[in-house]
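Novice: Below you will find the structure I want to go over with you.
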Amino acid sequence: MKTDTPPPTNGQNVQTPLISLKDIVKRYGDLTAVDHVSLELDPQERVVIIGPSGSGKSTLLRAVNFLEEIDGGAIYFEGREVGYVEKKGRRVLDKPKRISQLRSEIGMVFQHFYLFPHMTVMENVMEGPRTVQKKPLQECRNVALDMLQKVGLTDKKDIYPATLSGGQKQRVAIARALAMRPKLMLFDEPTSALDPELVGEVFDAIKTLADEGMTMIVVTHQMGFAREMADRVIFMEDGRFVAQGTPTEFFENHLDSDRIRSFLERSL
Ligand code: ADP
Ligand code: MG
């Protein structure tokens, strides 16, 4: 028998997904917040997750970033299972050091920007490379300047966060996540806390990243954003992915689902 034959692919994409979630379950007591969710994301793919409040979107993103221990399922990064080890017959989070390493491959931006108030914009962006990745100071400075330029905030580098607008703070938060050179970015309602006139500048920063080929999962209520930049839109409800498709399938055909149609009508 020939041993150099590649495994059958059924004509499907043979690229290794950047991240795969297999059957993720997360419970809080009796509540199943994430209920057997599976997702594969190829490099450079952009997935937008929408769905009603309380459907498990944030919990899922936190699980992907190991901020939340899962009760079932597995997470694979670049084809390798990550994050959990067997201990006395129980699956537990891997060593803090490994988790912290993994987290630096996955950047996360939340609804509320947690910047350090006592540090300048530049120092905020340098913090991760400096303290987590232990990179030399000059390299941290260079990477911070690059990332601030990417989000259009070079001129704010020496000021303290308190004097920035919400949109500027969120762009600093994006630059700070990017400074770790992540392979995957997670955005959890990055514009929900912003005044409407500041939404655009944050979207533009995210769109720039998308155009550069960053792989990302974005949770948002902004349908225009989903329409414009998603390769795939997923509708989550009651902890499950109940429908997914391209933006066209989603917004024009509503995937023939009354549930999605009524959700979209309420959100637009
Ligand atoms: P979404 O982001 O879609 O609004 P969440 O992931 O925040 O939804 O929440 C999913 C469900 O899990 C909700 O019912 C919420 O109340 C519950 N939940 C989230 N975090 C916790 C927690 N730390 N403890 C208990 N229940 C939680
Ligand atoms: Mg949420």
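Novice: What's the ranking of 239-246, 260-267 by average number of surrounding C-beta atoms within 10 Å, highest first?
Specialist: Going from most to least packed, we get 239-246, 260-267.
Novice: Residues of the range 97-116 with backbone nitrogen within less than 19 Å of a virtual label 7 Å along the Cα-to-Cβ line of residue 221, please, listed as ranges.
Specialist: Residues 109-113 fall inside that zone.
Novice: Then there is this: Between residue 238 and residue 16, how many nm apart are label points set 7 Å from Cα along the C-beta direction?
Specialist: Distance between label points: 3.8 nm.
Novice: Same structure again: Have a look at the DSSP beta bridges in the chain and tell me what percent are antiparallel, nearest 5.
Specialist: 60 percent
Novice: Distance in nm between label sites at residue 133 and residue 120, each 7 Å beyond Cα in the beta-carbon direction?
Specialist: Once both label points are built, they end up 2.1 nm from each other.
Novice: Which shape class applies to the chain: rounded if a/c is under 1.5, otherwise prolate when a/b exceeds b/c and oblate if not, where a ≥ b ≥ c are the square roots of the Cα gyration tensor eigenvalues?
Specialist: Oblate, since a/c reaches 1.5 and b/c is not below a/b.
Novice: Of all GluC sites (Glu not before Pro) in the range 53-134, which ones are in loop regions per DSSP and have a Cβ with at most 15 other Cβ atoms within 10 Å?
Specialist: Taking the range 53-134 and a limit of 15 other Cβ atoms within 10 Å, the loop GluC sites (Glu not before Pro) found are 69, 78.
Novice: Given 0.36 nm per residue, what is the gain on full extension from residue 207 to residue 246 after removing their alpha carbon distance, in nm?
Specialist: Full-extension gain reported as 12.3 nm.
Novice: Tell me, how many Å apart are the Cα centres for the range 63-118 and for the range 221-259?
Specialist: Rounded to whole Å, the Cα centres lie 27 Å apart.
Novice: Please sort by residue number the GluC sites (Glu not before Pro) in the range 193-255 whose DSSP state is loop and whose Cβ has at most 16 other Cβ atoms within 10 Å.
Specialist: Passing sites in the range 193-255 are 212.
Novice: Evaluate E = 1/(1 + (r/R0)^6) for residue 78 and residue 38, where r is the Cβ-Cβ distance and R0 equals 22 Å; express this FRET efficiency to the nearest 0.05.
Specialist: In this case the efficiency is close to 0.80.
Novice: Report, to two decimal places, the Cα Rg of the range 53-121 normalised by 2.2 N^0.38 Å (N = number of residues).
Specialist: Rg over 2.2 N^0.38 Å, computed on Cα atoms: 1.31.
None of the figures in this text is laboratory data; all of them are computed from the coordinates on show. All of these numbers come straight from a predicted model, not from anything done at the bench. A quick note on method: Cβ atoms are made from the backbone with ideal geometry, for glycine too, and the neighbour counts reach across all protein chains shown.
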